[in-house]
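Colleague: The structure is given below, and queries will be raised subsequently.
Only the coordinates and a few stated rules stand behind these numbers; no lab work does. Everything quoted here is computed from the prediction, not taken from an experiment. All Cβ positions, even for glycine, are placed from backbone atoms using ideal geometry, and neighbour counts span all protein chains on display.
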Amino acid sequence: MSSIKQTREYFPFVGPFDPCPPIYVKTYSTPPQLFIPFQPANLPQFSPEEALRLGTLWPMLYSPYPGKKAHKGGVAHEHGIKQQA
């Protein structure tokens, strides 16, 4: 797979008078289809069973979904959860 990260982060403004606890890092997902202008020939493929389980035939288009439980208590990242300070 390419070296493009599917989960990106940004740092929102934290004002001195915000009534809520600050969130220093927020994340968002970018789908892999954004970085593939056309389907190249002879792409590697998952087995049919694995493709049905993962939702795509091509590993290059696979994008894991962390789910709601991964966001609890921290910020979801590509390799687990990073706890907020």
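Colleague: Which trypsin sites (Lys or Arg not before Pro) in region 1-38 pass both tests, a DSSP loop state and at most 13 other beta-carbon atoms within 10 Å?
Modeller: Taking region 1-38 and a limit of 13 other Cβ atoms within 10 Å, the loop trypsin sites (Lys or Arg not before Pro) found are 5.
Colleague: Moving to a separate point now. Ranked highest first by the average count of other Cβ atoms within 10 Å around their residues, in what order do 54-65, 11-22 fall?
Modeller: 54-65, 11-22
Colleague: Can you pull the one-decimal nm distance between simple spin-label points at residue 53 and residue 24, each 7 Å off the Cα toward Cβ?
Modeller: The modelled label-to-label distance comes out at 3.8 nm.
Colleague: Still on this structure, please answer the following. In whole Hz, what ³J(HN,Hα) sequence does region 12-26 give by Karplus (6.51, -1.76, 1.60; θ = phi - 60°), x for Gly and Pro?
Modeller: Listing the rounded values in order: x, 5, 10, x, x, 10, 5, x, 9, x, x, 10, 7, 10, 10 Hz.
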